[in-house]
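Worksheet for the structure shown next.
The values are calculated or read from the model by the stated rules, or taken from the named source; none is laboratory data. Small disclaimer: the values here were computed from a predicted structure and weren't measured. When we count neighbours, we look across all protein chains shown, and the Cβ atoms used for this are built from the backbone with ideal geometry, even at glycine. Side chains are part of the model used for accessible areas, which takes the heavy atoms of the whole protein and leaves out ligands, DNA and RNA. Shrake-Rupley method; radii C 1.70, N 1.55, O 1.52, S 1.80 Å.
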Amino acid sequence: MPPKSPWLVTPKPNPAAPRRLVCFPHAGGSASFYRTWAQHLDPAAVELQIVQYPGRESRIAEPLVGSMAELAPAVAEVLRAEAGRETVLFGHSMGAAVAYEVLRILEAQQVPHVNRLCVSGRKLSGHPGEASARPLSDTELVASMNALGGTQTGVLDDPDLRAMVLPIIRNDYHLIDTYRPDPAAAPLTAEVVALTGDADPRVDAAQMKEWAGVTTGAFSVHVFPGGHFYLADHAAELARIATALG
């Protein structure tokens, strides 16, 4: 058995499971966001693995990663080392972009059995003008995060916790604001599934359809009730859609 990687959190380890679901957190997020998904999966059939970015939770002492060019290859290397079974990548918001770039690397390296990419809550081209509109003060940043939801109640109100969380959020915003997908990238062959909330202020179903252009494989869009963090109310259905392979 390979040594445990700090990049992956596995709530119910079962390397013998024929399929794995790899989840990628949003900006400012960590592995704990997806932990409850394990209860919606058959552990004998699907192993849940959650990417843990440096600088948070179990990796709090490690330096943050500030660019996609550094982050995506590091995650791809870890996933390649554990290849050999059906794999689904699921990413929300910033995590959607990271998952996409990781899959591009894996396909270029001809890593087998990565069957599906699920992208949630983010347009392929990102959000034009977002970087220049980022709130600069801590107060504005906290208000922006609270408006989107997804942050545990009270975390940003506690001065000590806020001092830990805000640098992570700023780092991740910088990462995603400076990221640009390569328009000349070879198309994927994996199936792509796009998901969004019907009240997400950042993206709608029509905009999610642009992900169809990144693959020669199958493509579909699913819309759920809710805002940017609609995932919190639909974990069971999202886990089912992500892992329902033929």
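At-a-glance table
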read-out	value
Criterion violated by ALA69 - all others in (1) open to solvent by less than 80 Å² (accessible area, probe 1.4 Å); (2) farther than 17 Å from ARG240 by Cβ; (3) out of contact with any strand residue (DSSP E or B) (no Cβ under 8 Å at 6 or more places or on another chain); (4) assigned to a helix (DSSP H, G or I) satisfied	(1)
Any hit, the stretch 180-187, residues being aliphatic (A, V, I, L, M), in contact (Cβ under 8 Å) with a residue 40 or more places away in the chain and open to solvent by 30 Å² or more (accessible area, probe 1.4 Å)	yes
Pairs, first among the basic types (Lys, Arg) in the stretch 26-41, second open to solvent by 10 Å² or more (accessible area, probe 1.4 Å), C-beta under 6 Å, six or more apart	ARG35/PRO11
Test: residue in the stretch 210-227 that is assigned to a loop (DSSP other than H, G, I, E, B), hydrophobic (A, V, I, L, M, F, W, C), in contact with a Gly (Cβ under 9 Å, 6 or more places away or on another chain) and over 17 Å from TYR34 (Cβ atoms)	no
Index of the failed condition, GLN49 passing every other in (1) in a strand (DSSP E or B); (2) open to solvent by 80 Å² or more (accessible area, probe 1.4 Å)	(2)
Candidate set: the stretch 191-212, residues that are more than 17 Å from the chain's Cα centre (by Cα) and not charged (D, E, K, R); chosen: the one nearest to VAL223 (Cα to Cα)	ALA205
Residue list for the stretch 177-197, restricted to those being among the β-branched types (Val, Ile, Thr) and more than 19 Å from SER67 (Cβ to Cβ)	THR189, VAL192, VAL193, THR196
Unique match (being open to solvent by 30 Å² or more (accessible area, probe 1.4 Å) and not in a strand (DSSP E or B)) among ALA74, ALA96, ALA44, ALA38	ALA44
Test for ARG59: is it basic (Lys, Arg) and touching a residue at least 40 places away in the same chain (Cβ under 8 Å)	yes
All positions within the stretch 215-230 that are open to solvent by less than 30 Å² (accessible area, probe 1.4 Å), touching a strand residue (DSSP E or B) at 6+ places or on another chain (Cβ under 6 Å) and not small (Gly, Ala, Ser)	THR215, PHE224, TYR230
When residues of the stretch 101-115 are limited to those that are touching a helix residue (DSSP H, G or I) at 6+ places or on another chain (Cβ under 7 Å) and open to solvent by 10 Å² or more (accessible area, probe 1.4 Å), the one farthest from VAL223 (Cα to Cα)	GLN109
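Yes/no matrix, rows are residues, columns are (1) of a type in the set (Asp, Glu); (2) under 12 Å from the mean Cα position of the chain (by Cα):
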position	(1), (2)
PRO6	no, no
VAL9	no, no
ALA16	no, no
PRO25	no, yes
GLY29	no, yes
HIS40	no, no
VAL46	no, no
GLU57	yes, no
VAL65	no, no
